[in-house]
Amino acid sequence: MSLLIKNGVIVTAMDEYQGDILVDEGKIIAIGNNLDSKADEVIDAKGMYVLPGGVDQHVHFSFEFNGSKVRGFETSNAAAVGGTTTVIEFVNQIKGKGLIDTIDEYRKENAEGIAMVDYSFHGIITDPSTGVYDEIAKLPEAGYPTVKLFMAYKGMFFHCDDDVIAKSMQKAKDAGVTIMVHAENADLIDVLQKECVEQGNVEPYYHAVSRPPMVETEATERAINIARLMDAPLYVVHVSTKGAVDAIKRAQDEGLPVYGETCTHYLTLDKENLAKPNFQGAKYVCSPALREQDDIDYLWTSIKNGWLNAISSDHCGFNWAEQKHMGKDDFRNIPNGAPGLENRLGVLWTAGVETGKITRSQLVDLFATKPAKINGLGDRKGHLGIGYDADIVIYNPNVKSIISNETSLQGVDYNSYEGFEQIGRPEKVFLRGQLVVDEGKYIGEKGQGEFVPGKPYGLCYDGIKK
């Protein structure tokens, strides 16, 4: 089926202009003015913005906490209605298995035939050994060119000490594999958590008290120093505080290949949400913790100035009524994470574009283009250009709505942005030229998503001799 989208305002990371897009066999084959084609379908996008489908480089469909698991790819239609057409999932290495075997097995059992948007994967080292370090060089061949390491969560099976980070970087840099870190000081958090509990402070709010900005800033600085010593690139995920941003910016000013992302919730929610009564605060327990307004304002400045180069959802779908209540008597037992996959574009448009904090082109860059490039997908995803996958969002800026969990597809019993006004909506969404969202409603099919292999030497290697 060929498709012609006419008269919309096309927005890329570089510019915006009125024009037409012609699609055939799932690819964009022409962009211009007054394209004359006998396409099978013609859509008039006048008065609307035409954006590339979003790439969410930070989602959790497989995360487990104390034996309880988040919602999986069966809820990935939430991505589609939110204008995201590619997600990148983190997969924990199974003890005794290699990274590639672990991801391959997860992919076959939990994504293939289920996913409703396209997908790729990050590996997470949980069982460091010589064999795993050697395997890093083989990851690009399998299509998995990124690895995440957790500096936080002392005592958990996925926590990594500094030596694991250093050894992973040594192996990764020669293979073009990007090392990502969750930067929080696990030992300091452990001390502060125990102190809170000993004083009888066990409510959700003390999750934030026990994870102050300094534990993130220190770990970010330490990760940067390890990267400097190993002469390797570094990507810091879900940056939430001014100190961590400043550490990344200083490294960039020195010419180091150090980059970072932030997330929608860190740009819109503050830590007072954790103080909500009747255990409602547990809905906002995520790590790093939500911050103060000063940090929120600084994060907006950082993305506008390019100090951070992507905005993800860090989507993590635990139910509040049962799973979050595991920590009713001790905040340390509240599963970390919150849903947000469905709302990333709408919230960023409303809180960012409509308020003048970022331009539409900056939104596209942060929401789609840079995440694709970071993860080795930049030749297919995240951009409206000839030869790219026809992942296209027609965004209607004239519709207003109130975000509500009642209409959500995320599969959990609450929404982090409940009651927020949203300006605009993804009116139509195309996945490789196939209409999957119409009039804001999901109309696609289970299993429509495809695996997209990532390539090595992503954006973090720009300027580095290969």
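When we screen Asn273, Asn305, Asn225 for residues that are modelled with pLDDT of 95 or more, open to solvent by 50 Å² or more (accessible area, probe 1.4 Å), more than 18 Å from the chain's Cα centre (by Cα) and farther than 23 Å from Pro145 by Cα, the only hit is Asn305.
Can you tell me how many residues within the range 98-113 are open to solvent by 70 Å² or more (accessible area, probe 1.4 Å) and under 22 Å from Pro128 (Cα atoms)?
1
Check off (1) at pLDDT below 95; (2) open to solvent by less than 10 Å² (accessible area, probe 1.4 Å); (3) hydroxyl-bearing (Ser, Thr, Tyr) for Ser129 and give me the number that stays unchecked. All conditions are met except number (2). Filtering the range 19-71 to residues that are farther than 30 Å from Val181 by Cα, small (Gly, Ala, Ser) and buried (at least 21 other Cβ atoms within 10 Å of the Cβ) leaves only Ala45.
Cβ separations smaller than 9 Å between residues 6+ apart or across chains give the following pairs from the range 45-74 residues that are at positive phi to residues that are of a type in the set (Val, Ile, Thr): Gly47/Val9.
Restricting attention to the range 308-347, the residues being crowded, with 23+ Cβ neighbours inside 10 Å and more than 17 Å from the chain's Cα centre (by Cα) number 4.
Please note which helices (runs of 4 or more DSSP H) are completely contained in the range 178-291 and include at least 3 residues that are out of contact with any strand residue (DSSP E or B) (no Cβ under 9 Å at 6 or more places or on another chain).
186-198, 205-209, 213-230, 242-253
The residues listed here are Ser404, Ser408; of these, the one that is of a type in the set (Ser, Thr, Tyr) and surrounded by fewer than 21 Cβ atoms within 10 Å (Cβ to Cβ) is Ser404.
When the residues of the range 132-172 are filtered to those that are polar (S, T, N, Q) and in contact with a strand residue (DSSP E or B) (Cβ under 9 Å, 6 or more places away or on another chain), which remaining residue is surrounded by the fewest Cβ atoms within 10 Å (Cβ to Cβ)? That would be Ser168.
The values are calculated or read from the model by the stated rules, or taken from the named source; none is laboratory data. On a predicted model such as this, the values are computed, not experimentally measured, just so you know. Ideal geometry is used to build each Cβ from the backbone, glycine not excepted, and the neighbour counts take in all protein chains shown. Note: areas computed on protein heavy atoms with side chains; ligands, DNA, RNA excluded. Shrake-Rupley method; radii C 1.70, N 1.55, O 1.52, S 1.80 Å.
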